[in-house]
Amino acid sequence: MKNLEALFEHQLQDLYSAEDQLTKALPKMAKKAKDAKLKKAFEDHLEETKEHKTRIKEICDELDIKAKGETCKAMEGLIKEAEDFLKEVDDEDVMHAGMIAEAQRVEHYEISGYGTAVRYAKELGHKDIAAKLQKTLDEEYKADTTLNDLAEKRLNKKAI
């Protein structure tokens, strides 16, 4: 990579891969969740994630770049970590609290990635693209807040 435009392209491809992986992982998390509100949070975020993937694809098309690049290794690792956790946990309440922790790690990764992409888009003069990426960033923050509220208000206490 020789300039910010190339780095921006790489970031978009990484985010596309991350969202693609999440569209496969979130249904598993929703299915495993026994708590109705947590299940709904995963299901709702799955629908948003599908939109995020579509939005990135549209951005890539607009910039005439391929959305598919290398596999996002960070997301691959975060998903594997969540899958490993689910194999290790015996208590349902602890499982719910842990699922939230695993999901928030994913959200924080996405927040970091989208925050960077928004900044690059602005610096490169892609005002409309920056606005689209900001919309996704806002939705990622909202998903993190939803998970945090579920943890603090109910599910962490049940796991004690």
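The values are calculated or read from the model by the stated rules, or taken from the named source; none is laboratory data. The structure presented is a predicted model; accordingly, all values stated were derived computationally and were not measured. A quick note on method: Cβ atoms are made from the backbone with ideal geometry, for glycine too, and the neighbour counts reach across all protein chains shown.
Got at least one residue in the range 135-144 being surrounded by 20 or more Cβ atoms within 10 Å (Cβ to Cβ) and without any contact (Cβ under 8 Å) to a residue 24 or more places away in the chain?
The answer is no; no qualifying residue exists.
Can you say whether residue 48 is in contact with an Asp or Glu (Cβ under 6 Å, 6 or more places away or on another chain) and of a type in the set (Asp, Glu), as far as the supplied structure shows?
Taking the combined requirement at face value, the residue satisfies it.
Contact list please: Cβ distance under 6 Å, first residue in the range 105-132 and within 19 Å of residue 57 (Cα to Cα) and at pLDDT 95 or above, second residue basic (Lys, Arg) and surrounded by fewer than 18 Cβ atoms within 10 Å (Cβ to Cβ), pairs at least six apart or on different chains.
Pairs found: 130/122.
Of the residues that sit in the range 8-64 and are in contact with a Gly (Cβ under 8 Å, 6 or more places away or on another chain) and of a type in the set (Gly, Ala, Ser), which one is surrounded by the fewest Cβ atoms within 10 Å (Cβ to Cβ)?
Result: 17.
Within the range 77-92, can one find any residue that is surrounded by 14 or more Cβ atoms within 10 Å (Cβ to Cβ), of a type in the set (Phe, Trp, Tyr), in a helix (DSSP H, G or I) and without any contact (Cβ under 8 Å) to a residue 40 or more places away in the chain?
Within the range 77-92, one or more residues are surrounded by 14 or more Cβ atoms within 10 Å (Cβ to Cβ), of a type in the set (Phe, Trp, Tyr), in a helix (DSSP H, G or I) and without any contact (Cβ under 8 Å) to a residue 40 or more places away in the chain.
With 136, 116, 71, 146 as the choices, which residue is among the hydroxyl-bearing types (Ser, Thr, Tyr) and not in a helix (DSSP H, G or I)?
71 is the lone residue from the list that is among the hydroxyl-bearing types (Ser, Thr, Tyr) and not in a helix (DSSP H, G or I).
Considering every residue within the range 1-8, establish whether at least one is under 28 Å from residue 130 (Cβ atoms), among the aliphatic types (A, V, I, L, M) and modelled with pLDDT under 95.
So far as the range 1-8 goes, yes, one or more of its residues are under 28 Å from residue 130 (Cβ atoms), among the aliphatic types (A, V, I, L, M) and modelled with pLDDT under 95.
Applying the selection to the range 8-55, what residues are in a helix (DSSP H, G or I), touching a Phe, Trp or Tyr at 6+ places or on another chain (Cβ under 7 Å), of a type in the set (A, V, I, L, M) and over 20 Å from residue 77 (Cβ atoms)?
Correct list: 30 only.
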